[in-house]
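Encoded as structure tokens, the structure appears first; notes follow it.
Any read-out appearing in this document is the output of simple, stated calculations on the displayed coordinates, not a laboratory observation. Quick caveat, the model's predicted, so the values are computed rather than measured. Reconstructed Cβ throughout: ideal geometry from the backbone, glycine too, with neighbour counts over all protein chains shown.
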Amino acid sequence: MRVTLSIDEILDAVKDPLTEGEFNKAIEGIASLAEAKVGDLSFLGNSKYRRLVSESKASIIFLPLEYVGTPQPKQLFIRVQNPSFALGQVCKLMEARLFSPCQGVHPTACIHPNAKIHPTASIAALTTVGEGAVLDEEVVLEEQVVVGRHARIGKGCRLRARVLLGDYCELGNRVILQPGAIIGSDGYGYDYVEGKHRKAPHIGKVVLENDVEIGANTTIDRSRFSETLIGEGTKIDNLVQIAHNVKIGKNCLVVAQAGISGSTVIEDNVIIGGQAGVGGHLRIGSGAKIAAQAGITKDMEPGAYLKGNPALPYMLAQRIAVLQKRLPDFFKRFAGTEPPA
């Protein structure tokens, strides 16, 4: 995939660029420093690749402000505060051209007569929009999306292929749902009565606030009552399970294959590592960090950093891991097979 961008478009996309060198043609692609060809844009996002800059054939390179070096002939250096972020801004321009949505409503889409669709919304093939649903400005529904009855979708949201947004669920502005995400499935709740597990109805909803992103094949269950809530700016990775009545605060990160049990409260700016599990009815304090594969069974204080299963303070867990490797030597000493040091 190659998209042409002019020098002016690139410079306009980044903040306060400082340029050195000369390259006046359009760029046609983005590549790593090692793989870039003439006509490509590259960047130095990690200092360990600094040595590759002088060897790179990229025509334009984003560099940190403190980088010392000069460009090759017919090469342009653009120094910026954050090269990775600058590259992201350029990628936005490319994304808009590569993946621009279809305009209007595809003839195979099934739209309920009572649904309210803004004229600027784009609805792709084989998509279903239920009774009373509301789609705001510049909403994009890709192929085979299902929007339930009385669901609400805010400005600039994008629901990628095969997303399901359940009845009465709500999305704020600029929410992104990656392919296969399920928002508003029934919660996992049963009452054991007369020797049988009897389903507890879940009649609440899911609310995603502004600028939330949900990864592919992630599931967020509707609440038993009230709402399951994901706060503004939170980013949730692929294959995550979030149970009924969970409330996640603002600007949190939840990494792939993590699971959060019902009615747990995650405060703002929490980071949950991959494959971590959080028990139900807990409170995770603001700014806490949970290491990958940790098992959380108790409340966490704000700013805590836990590791292991059951989880322990991170540095204690690290010390224990080091000592475990020395256990065979300890056993030999205690058995008398080796004299004490």
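Which value results when the Cα radius of gyration for the stretch 228-341 is divided by 2.2 N^0.38 Å? Kindly include the intermediate steps, with their values, before the conclusion.
Values: Rg = 17.9 Å, N = 114, 2.2 N^0.38 = 13.3 Å.
Compactness ratio reported: 1.35.
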If R₀ is 45 angstrom, what is the calculated FRET efficiency for the pair residue 309 and residue 108, using the beta carbon separation as r and rounding to 0.05? 0.40
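Run the count for the stretch 1-87, please: Lys pairs, Cα-Cα under 20 angstrom, 8 or more apart or on different chains. Working shown, then result.
Working: 25/37; 25/57; 25/74; 37/57; 37/74; 48/57; 57/74.
Within the stretch 1-87, the lysine pair count is 7.
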Most exposed first, judged by fewest Cβ atoms within 10 angstrom, 234, 120, 219, 70 run 70, 120, 219, 234
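Taking the convex hull of the Cα atoms, report for the stretch 7-98 its projected area averaged over all directions, in nm².
The number I arrive at for the stretch 7-98 is 5.3 nm².
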Where does the longest stretch of the chain lie that holds no chymotrypsin sites (Phe, Trp or Tyr not before Pro) found in a DSSP loop with 12 or fewer other Cβ atoms within 10 Å? 100-224
Name the residue farthest towards the positive end of the dipole of the chain from the options 244, 230, 291, assuming +1 on Cβ of Lys and Arg, -1 on Cβ of Asp and Glu, about the Cα centre. 291
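Mind putting a number on the dipole of the stretch 128-275 about its Cα centre? Charges go on the C-beta only, +1 for Lys and Arg and -1 for Asp and Glu, and I need it in Debye to the nearest 20. It would help to have the intermediate numbers written out before the result.
On the way: 16 positive and 20 negative charges, 67 e Å.
For the stretch 128-275, the charge dipole is close to 320 debye.
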Quick one: in the chain, what % of C-alpha pairs are over 26 Å apart? 62
Once Lys and Arg get +1 and Asp and Glu get -1 on their Cβ, which of 180, 214, 200 lies farthest toward the positive end of the dipole of the stretch 126-248? 200
Given the options 118, 275, 13, identify the residue whose Cα lies farthest towards the positive end of the charge dipole of the chain (+1 on Cβ of Lys, Arg; -1 on Cβ of Asp, Glu). 275
Given charges at beta-carbon only (K, R positive; D, E negative), |dipole| of the stretch 1-76 in Debye: 340
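Dipole size in debye (nearest 20) for the stretch 109-190 around its Cα centre, Lys and Arg Cβ +1, Asp and Glu Cβ -1? Please list the in-between numbers first.
Numbers: 8 positive and 9 negative charges, 24 e Å.
My answer is approximately 120 debye.
Using a 10 Å cut-off around each Cβ, can you sort 232, 213 from fewest to most neighbouring Cβ atoms?
Details: 232 15, 213 19.
Listed from fewest to most nearby Cβ atoms, that is 232, 213.
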